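Below is one structure; the comments refer to it alone.
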Amino acid sequence: MKILITGASSGLGEELARQYAHNDNELIFLARRELKLYALRKELYEKCKSVEVIVADVTEFDTLQKKLSQIKSLDMVILNAGVSLGHSSDEDYIPTIAEFEKLYRVNVLSTHAILEVLLPLFKAQKSGKIVFISSLASLFSMPSSKVYSSSKRALNAYAEGIRYKYNKYGIKVINILPGFIKSELTDKNDFNMPFILDTEVGVAKIVKAIAKNKRQYIFPLRFYLIIKLLNILPNFLREKIVNSIN
Ligand SMILES: NC(=O)c1ccc[n+]([C@@H]2O[C@H](COP(=O)([O-])OP(=O)(O)OC[C@H]3O[C@@H](n4cnc5c(N)ncnc54)[C@H](OP(=O)(O)O)[C@@H]3O)[C@@H](O)[C@H]2O)c1
């Protein structure tokens with residue numbers, strides 16, 4: 001299988017690379033940190049058929065699209081590159097418009113920049129898997145994660161539309177909504193993260209869901225059920241709970 005993994009230089013993407021590095025798989029790693037990508041390539045290239053590195057910033061859309069247009073066949077893209085703003089406990093903190101825009105460029109707009117190039121390829125092949133890495137945070141917006149949550153909710157809506165449009169062409173769309181998993185992104189959080197999973201364990205769950213072609217995979221289940229419950233509570237009660245947690 002030929003697989004493009006964005007955000008392969010750390011966290012979930014790096015572990016996805018490790019877990020797909022076997023047998024005849026041909027891997028393409030994409031991120032900005034060149035040294036980390038080449039170190040990963042060195043570690044993994046003997047375990048699979050091939051490893052290619054694309055050093056790119058997913059928000060530099062023209063350059064990104066030029067680089068991706070060199071790909072002539074592909075079985076799966078994992079749209080994993082993503083950022084958060086961190087959680088500030090400062091009551092007066094308001095994210096700047098520049099921070100907001102940057103996050104949306106990475107978490108939302110870059111996925112379309114990538115798919116604008118790859119969808120015609122998948123359509124011509126009559127096959128292909130598109131994996132979105134959304135988040136459980138897309139289902140519930142805490143005051144301190146509103147920008148991140150809203151970006152992942154936008155991603156859910158986009159993924160859903162892509163699925164309806166392209167399933168008739170043999171293209172499978174899989175949306176993954178993880179809870180907390182250990183990574184550089186979560187290492188920045190200075191609060192207690194409920195049900196946090198080790199990177200290897202969390203990514204193994206993602207790989208299994210992809211193999212089963214699950215349209216949507218939300219985990220860990222216990223965390224998902226809590227969020228589901230919060231979402232069916234009357235608004236006034238939910239607000240009370242959120243304010244007490246916050
Ligand atoms: N960890 C969690 O608990 C969790 C939960 C739910 C969803 N997620 C999602 O999982 C994905 C991976 O996150 P992670 O936790 O593994 O975080 P991470 O360790 O910080 O990894 C983020 C990856 O995205 C890449 N990236 C960021 N900005 C980029 C840019 N402008 N251009 C190219 N690549 C860029 C980074 O590479 P470079 O810096 O080298 O460019 C890095 O490889 C994200 O979409 C995140 O929202 C994570």
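The values are calculated or read from the model by the stated rules, or taken from the named source; none is laboratory data. Only a predicted model underlies this, so the values are computations on that prediction, with no experimental measurement involved. With ideal geometry, Cβ positions are generated from the backbone for all residues, glycine too; neighbour counts draw on all protein chains shown. We work out accessible area using only protein heavy atoms, side chains counted, and drop any ligands, DNA or RNA first. Shrake-Rupley method; radii C 1.70, N 1.55, O 1.52, S 1.80 Å.
Applying a DSSP loop filter and a limit of 15 other Cβ atoms within 10 Å to the GluC sites (Glu not before Pro) in the range 1-104 leaves E46, E60, E91. For the chain, the longest principal axis of the C-alpha atoms and the axis of helix 34-44 are separated by about 70°. Volume per residue for the range 140-187 equals 87 cubic angstrom (convex hull of Cα atoms). In degrees from 0 to 90, rounded to the nearest 10, what is the angle of the helix 11-20 Cα long axis to the longest principal axis of the chain? Approximately 40 degrees, to the nearest 10. Extents of the range 126-221, taken as max minus min of Cα coordinates on every principal axis and listed largest first, are 45, 28, 22 Å. One equal scatterer on each Cα of the range 114-153, no solvent, Debye formula: the resulting log10 I(q)/I(0) at q = 0.26, 0.28 Å⁻¹ is -0.77, -0.83.
What you get for the chain, charging only the Cβ of Lys and Arg (+1) and of Asp and Glu (-1), is a dipole of about 1220 debye around the Cα centre.
Counting only protein chain heavy atoms and rolling a 1.4 Å probe, the accessible areas of V55, V131 rank, largest first, as V55, V131. Summing +1 for each Lys or Arg and -1 for each Asp or Glu among the other residues whose beta-carbon sits under 9 angstrom from that of N175 gives +2. With a cut-off of 8 Å between alpha carbons and a minimum separation of six or more residues, what is the relative contact order of the chain in percent? Relative contact order here is 18 percent.
The sum of -39500 (n - 2.57) across all DSSP H runs of n ≥ 4, divided by the residue count of the chain, sets its helix-only mean residue ellipticity at 222 nm to -14000 deg cm²/dmol.
Using a cutoff of 8 angstrom between alpha carbon atoms and counting only pairs six or more residues apart, the relative contact order for the range 99-165 works out to 36 percent. Surface analysis of the chain yields an accessible area of 53 Å² per residue, using protein heavy atoms and a 1.4 Å probe.
Between 0 and 90 degrees, rounded to the nearest ten: what's the tilt of helix 110-125 against the longest Cα principal axis of the chain? Roughly 40 degrees between the two axes. Restricting the range 120-218 to trypsin sites (Lys or Arg not before Pro) that sit in a DSSP loop and have at most 15 other Cβ atoms within 10 Å of their own Cβ leaves K126, K188, K212, K214, R215.
Computed with the Debye formula from one identical point scatterer per Cα of the chain, without solvent, the log10 of I(q)/I(0) at q = 0.07, 0.10, 0.11, 0.16 Å⁻¹ comes to -0.23, -0.48, -0.58, -1.23. Expressed as a whole percentage, what fraction of the accessible surface of the chain belongs to carbon and sulfur atoms when a 1.4 Å probe is rolled over the protein heavy atoms? Roughly 54 percent, rounded to a whole number.
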